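Just below is one structure, and these are the notes that go with it.
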Amino acid sequence: MAAKSRLTKARTAKAPALRPARDAGKKLKIGVAGFGTVGRSVAKLLCQEPDSPLLLTHIYNRNIQRKKDPSLPASIRWTEKFEDLLSSDVDVVVELIGGLEPAGAWVRRALGAGKSVVTANKLLISESGPELADLARKMGRRIEFGASVAGGIPAIIGIQEGLAGDRLYRIDGILNGTCNYILTRMEASGTSFHSALKEAQELGFAEADPSADIDGLDARAKLVILAQAGLGLRVHSKQIPCRSIAMIASVDFMYARELDCSIRQISVAEKSVVQNSPRRVRLAAAVQPALIPTASLMAHAQGSQNIVTATGEFSGRTVFSGYGAGGDPTAVAVVSDLYAIARSAGAPPGALPKTAEVPAEVSGGFTVPHYLRFVVKDRPGIVAALATILAKYHISIDALLQKPGFPHSALSFVMTLESCDSAVINQALEEIAHLDFHVEPPLCLPIFSE
Ligand SMILES: NC(=O)c1ccc[n+]([C@@H]2O[C@H](COP(=O)([O-])OP(=O)(O)OC[C@H]3O[C@@H](n4cnc5c(N)ncnc54)[C@H](OP(=O)(O)O)[C@@H]3O)[C@@H](O)[C@H]2O)c1
């Protein structure tokens, strides 16, 4: 409620009618809010180019005394009052606090005060991106968020500007470096999920509470932003299903290898028209562990690397890849957004497509082959029981794989299924779950091709 009333206030404030934010030739004055991992790197990058058109003038953080960095120019004003940024002559507020609030309220206030905003905040942009872009437009200012997806990889700008001439219909990729680190470690060393997670935490690739990464929430927020920026679709995070990578076991990599596949956390958003209703658009989107061919580009993303691919009607598939997180790579994206604002002298292009559409349907299902892994207490008739239920749902089995050496008390085997809708498989799996031989719940993963 509070955020809403602040927005209304900002909207009713007198808009500066698209005037340039600064005189040509003058430096763009920057205020950084949030002097943490990314904030420090942004300040370092801004202060190392004496001829840059960007000038860092203010740094805001709570308890500012402990943050002061003597290596930065003495002219910078350090403050623990956000209002100091608003009442100053800074042209752009760089929001690097993170989280929905108070960052969201401060971004609204900065726009309302006639400042442009650059942010790396995926949560805020996935939740309120179109609303903030509307506010920026009304105020004749800009909001840029290139760092909010895939850190230093210029995916947003590449999609919005480099591919603006195409009609994109699919965005997919590896959007979370922590998950990619864990899965590639499991693949390379045969280690368990928990050991790989512990290792990632020790090396600083995973947070003490890794749930937002592992469970797919972080990647989902990025997918929402990419769906807005690339597909022109407004969708809420909660509409996109996400599944944890914690259910992947080393045995899955063993079976995946037999199928010439790797396992990665894959985010997909695909736009199509609703059948028999060509004016209505549907979105299939999900974040989940999936099998992908070992020879595919995504399988080559190692460690904490990210990869974003955009597929369009005319340009085919375009790939952006590199390091998607870390202070310095993320700061590069922030500073690049600042350069873009400096080049445009404040002209508001509208960061998100103005006509972003709400899809008529959103589903998490894809019609692709699937991988089913069972761990069972062995007895005759198991495969026949599974095949009977699958046949009832018109699902065809493609192959059956069973490695030797498992105990009869916990025998692990895999079925691959021919292409079918995930929703239909889920119905069959509900029935299969009631069979009495499971030692652990069956694992179902889509198999994506490139
Ligand atoms: N780190 C990355 O690799 C990365 C990559 C892409 C995007 N991002 C995004 O970049 C943003 C910043 O991330 P980060 O990694 O730099 O976070 P961080 O290291 O936690 O820095 C956040 C800074 O904001 C300050 N802060 C937090 N809440 C505040 C409040 N209520 N009032 C005043 N100051 C406050 C913190 O101060 P204290 O020191 O007092 O806590 C800290 O200095 C986030 O939106 C994140 O999602 C980060």
**Message:** Suppose the filter is among the aliphatic types (A, V, I, L, M) and at pLDDT 95 or above; does ALA196 pass it?
**Reply:** yes
**Asked** Identify, please: which residue in segment 91-128 is within 12 Å of the ligand (Cβ to nearest atom) and over 25 Å from ALA155 (Cβ atoms) and is, among those, surrounded by the fewest Cβ atoms within 10 Å (Cβ to Cβ)?
**Response** GLU101
**Selected residue (criterion: nearest to ASN121 (Cα to Cα)) from residues of segment 60-86 that are in contact with a Leu (Cβ under 8 Å, 6 or more places away or on another chain) and within 11 Å of the ligand (Cβ to nearest atom)** = TYR60
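Results for (1) in the same structural domain as ASP218 (by TED's automatic domain parsing); (2) more than 24 Å from GLN239 (Cα to Cα); (3) of a type outside the set (D, E, K, R); (4) surrounded by fewer than 20 Cβ atoms within 10 Å (Cβ to Cβ), shown as yes or no for each residue.
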{"site": "TRP78", "(1), (2), (3), (4)": "no, yes, yes, yes"}
{"site": "ASP89", "(1), (2), (3), (4)": "no, yes, no, yes"}
{"site": "PRO130", "(1), (2), (3), (4)": "no, no, yes, yes"}
{"site": "ASP134", "(1), (2), (3), (4)": "no, no, no, yes"}
**Asked** With (1) over 19 Å from ILE245 (Cα atoms); (2) in a strand (DSSP E or B); (3) not aromatic (Phe, Trp, Tyr) as the list, and PRO441 as the residue in question, which single condition is left unmet?
**Response** (1)
**Prompt:** Is it fair to say THR178 is of a type in the set (Val, Ile, Thr), surrounded by fewer than 22 Cβ atoms within 10 Å (Cβ to Cβ) and closer than 23 Å to ALA290 by Cα?
**Reply:** no
**Request:** Hey, can you tell me all the residues within segment 140-164 that are touching a strand residue (DSSP E or B) at 6+ places or on another chain (Cβ under 9 Å) and not in a helix (DSSP H, G or I)?
**Result:** ARG141, ARG142, ILE143, GLU144, PHE145, VAL149, ALA150, GLY151, GLY152, ILE153, PRO154, LEU163
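The values are calculated or read from the model by the stated rules, or taken from the named source; none is laboratory data. Everything numeric here is computed off the predicted structure, so don't read it as measured data. We place every Cβ from the backbone using ideal geometry, glycine too, and count neighbours over all the protein chains shown.
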